[in-house]
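Worksheet: one structure, shown below.
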Amino acid sequence: MSRTVRPVVSSALLLGAGATPALADQPSPWGLWLQEAASPTMHQISALNATITTIILFILAFVFILLAYICVRFHQSRNPVPARFAHNAPLEILWTLTPVLILVLIAFPSFRLLYAMDRVKDADLTLKITGHQWYWSYSYPDQNVAFDANLVPEDDLKPGEPRLLATDTHVVLPVGDTVRIQTTADDVIHSWSVPALGVKIDAFPGRLNETWVKIEKPGIYFGQCSQLCGINHGFMPIEIEAVPKEQFTAWLQSQTAKSSSAAPVNPAATTLAAAGADNRTDRP
Ligand SMILES: [Cu+2]
């Protein structure tokens, strides 16, 4: 489980808060296994994944040993006259019931986790996410803040910014707060997915899906659209900057000041202004 952890110079520096460099896991070349968990949900997903993988390994070892034993013990040279019986009721009951029991055992923690991910208890903040072909727009409905996030083209990447994952504007979220996440889409189905936070939720046109996240440590978290949504599906990444609460409040104030000094917040207008009218056809 040797994942490379990249020190990220948080763009919180832009907030003038003198932020310290933050650490967060992110995809790495030839990376295996899950990213380091940074939310209660992801901790539970990692634990469930470890449990199920262990069960799978035991089953694998059992079946492999059984097959090897049969190949050796009942080889034609050692067992020239095979048995002629075709049924064994107790054995058939056993090999039907055992897998059923294993599946039921797995189902309990699995469903418990599904419901835990679904329920939003006393959210401190709401983040609404809209998927478009091919970028995400974000709004904080209670704070009247809205913006789009587009992929940073390869030629414009700054040092340390990962290819196909960095976005021009970041979603900023406070560490330790429960954030209600609502997703929708305005064209086709997208999926907002951030592995380190254990969030993967579909965004449907005409429907509002809901989940929640509580980020445990400051850092930059990356994700991608996880639903094939068209030709530039691979070019609508997600970049989240998790900052301490005071920095988040300062960021919100700077955004509110920005939007009040400009035209009234209108997601459609900001979309066109930020992305350019030809955004939908000429993304890389
Ligand atoms: Cu998409």
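Each reported figure results from applying straightforward, stated rules to the coordinates on display, with no laboratory input. None of these values were measured; they are calculated from a predicted model. Methodologically, a virtual Cβ is constructed for each residue, glycine included, from the backbone with ideal geometry; neighbour enumeration extends over all protein chains shown.
Structure notes:
- The range 40-118: C-alpha gyration tensor shape, a/c 1.5 cut-off, then a/b vs b/c: oblate
- Stretching the chain fully between residue 71 and residue 189 yields a gain of 37.5 nm (0.36 nm per residue, less the alpha carbon separation).
- Of the trypsin sites (Lys or Arg not before Pro) found in the range 157-253, those in coil by DSSP whose Cβ has at most 12 other Cβ atoms within 10 Å are 163, 207.
- Shape class of the range 125-241 from the Cα gyration tensor (axes a ≥ b ≥ c, square roots of the eigenvalues): oblate, since a/c reaches 1.5 or more and a/b does not exceed b/c.
- Loop-located trypsin sites (Lys or Arg not before Pro) in the range 108-155, at most 14 other Cβ atoms within 10 Å (DSSP): 119, 121
- Charge dipole (Cα centre; +1 on Lys/Arg Cβ, -1 on Asp/Glu Cβ; no other charges) of the range 125-275 amounts to roughly 320 debye.
- Here the residues 167, 130, 178, ranked from fewest to most Cβ neighbours within 10 Å of their Cβ, fall in the order 178, 167, 130.
- Charge dipole of the range 125-275 about the Cα centre (unit charges at C-beta), most positive-ward option of 181, 238, 228: 181
- Spin-label model, residue 231 to residue 204: label points 7 Å out along the Cα-to-beta-carbon direction sit 2.8 nm apart.
- In a fully extended conformation the segment linking residue 144 and residue 120 would gain 6.5 nm over its present Cα-Cα distance, using 0.36 nm per residue.
- Look at the dipole of the range 47-180 built from charges on Cβ: of 51, 66, 138, the Cα furthest out on the positive end belongs to 66.
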